[in-house]
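Here is the structure we will look at.
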């Protein structure tokens, strides 16, 4: 059975597997204090065009989100995100478990706008009782969003300007950052993104690595004891070089963006295949996540031959389903998908 279930169902890039194998019998210091991790950090600093950026490697996305949010915020502060934000809907209350309220605002096309943020902050500050409330201290966004949408240059600039106006830190979840940045809908590069937020992370788990995320403090200094907080949150890998080697490989010869472009090309073809067969596209995602509207009967038939996820049961007659591509997606798999649709 072919699978478009997720972008982390395969193991890892062959280049990463080879690099890990070659260094397997080496002995290096642990916890990321090794030559490979240092090399990876330097490559990331060059990629973001900031020699003063502080880079840390963590094991996974949820741990990364909770560690960054908990380290940056005071105990009485909360984090703002859209109602469909990943930390709100898909992280099992992890942020709240460390004592920080997730403050949700309505999104536009799954994105937080500067106007929505400004309106909320003005209303909050105008309330004379706001000292008794959870204080907004950070804004969290995903790039791309849960629905595969991309923040434009203008949107990101306006949002960061608004955050600075209200003294809010802007944190960008980049679990799928590569796919967002190489999308045709994105009119900026990694250095621009790094300059228009306080902290972000470069996703590895969903972009070719076996596991791991690279946190980059580009617009602020890392909080005191951030390394210690990584361990406190269970996000510190003792065999830290395993993460360093992976990111060192991903940021050699532009590999991170090459594989992201491949995934986008595959996703674009998936979109075309469904459109060719008269199947509606639910959301206009320009990234590696594609969302289509299936009837219950078509879903039942297709799901017997293809692995994919239900995103939302829109009604009794419409099921929104997600198809995801990655570095490992093959043209032959898309040929098979098209053939299957022709036979249903």
>> Restricting to the range 253-275, and then to whatever is in contact (Cβ under 8 Å) with a residue 12 or more places away in the chain and over 21 Å from residue 10 (Cα atoms), can you tell me which residue is surrounded by the most Cβ atoms within 10 Å (Cβ to Cβ)?
In response: 274
> Taking the range 73-88 as the region of interest, how many residues are free of Cβ contacts under 8 Å to residues at least 60 places away in the same chain and assigned to a helix (DSSP H, G or I)?
Replying inline: 1
> For the range 220-242, what are the residues that are over 19 Å from residue 66 (Cα atoms) and buried (at least 18 other Cβ atoms within 10 Å of the Cβ)?
Replying inline: 240, 241, 242
> Looking at residue 291, is it crowded, with 18+ Cβ neighbours inside 10 Å, touching a residue at least 40 places away in the same chain (Cβ under 8 Å) and either in the same structural domain as residue 148 (by TED's automatic domain parsing) or touching a helix residue (DSSP H, G or I) at 6+ places or on another chain (Cβ under 9 Å) (or both)?
Replying inline: no
>> Here are the criteria: (1) surrounded by fewer than 23 Cβ atoms within 10 Å (Cβ to Cβ); (2) under 23 Å from residue 207 (Cα atoms); (3) in contact with a helix residue (DSSP H, G or I) (Cβ under 9 Å, 6 or more places away or on another chain); (4) in contact (Cβ under 8 Å) with a residue 24 or more places away in the chain. Tell me which single one residue 37 does not satisfy.
In response: (1)
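Condition check ((1) assigned to a helix (DSSP H, G or I); (2) surrounded by 14 or more Cβ atoms within 10 Å (Cβ to Cβ)) across all residues:
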residue	(1), (2)
8	no, yes
12	no, yes
19	yes, yes
26	no, no
32	no, yes
42	yes, yes
45	yes, yes
51	no, no
62	yes, yes
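Does residue 96 satisfy the criteria of being surrounded by 13 or more Cβ atoms within 10 Å (Cβ to Cβ), closer than 14 Å to residue 172 by Cα and assigned by TED's automatic domain parsing to the domain that holds residue 185? Spell out how you get there, then give the answer.
Details: surrounded by 13 or more Cβ atoms within 10 Å (Cβ to Cβ): yes; closer than 14 Å to residue 172 by Cα: no; assigned by TED's automatic domain parsing to the domain that holds residue 185: yes.
It is false that residue 96 is surrounded by 13 or more Cβ atoms within 10 Å (Cβ to Cβ), closer than 14 Å to residue 172 by Cα and assigned by TED's automatic domain parsing to the domain that holds residue 185.
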>> For the list (1) closer than 26 Å to residue 118 by Cα; (2) crowded, with 22+ Cβ neighbours inside 10 Å; (3) within 16 Å of the chain's Cα centre (by Cα), I need the number of the one condition that residue 175 fails.
In response: (1)
> For residue 314, are the conditions met, namely being in contact with a helix residue (DSSP H, G or I) (Cβ under 6 Å, 6 or more places away or on another chain) and in the same structural domain as residue 265 (by TED's automatic domain parsing)?
Replying inline: no
>> Condition (residue is at positive phi and in contact with a strand residue (DSSP E or B) (Cβ under 8 Å, 6 or more places away or on another chain)) applied to the range 200-214: is it met by at least one residue?
In response: yes
> What are the residues in the range 132-164 that are out of contact with any strand residue (DSSP E or B) (no Cβ under 8 Å at 6 or more places or on another chain) and in contact (Cβ under 8 Å) with a residue 40 or more places away in the chain, if any?
Replying inline: 146, 150, 156, 158, 161, 162
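The values are calculated or read from the model by the stated rules, or taken from the named source; none is laboratory data. If you're wondering where the values come from, they're calculated on a predicted model, not measured in any experiment. Backbone-built Cβ (ideal geometry, glycine too); neighbour counts: all protein chains shown.
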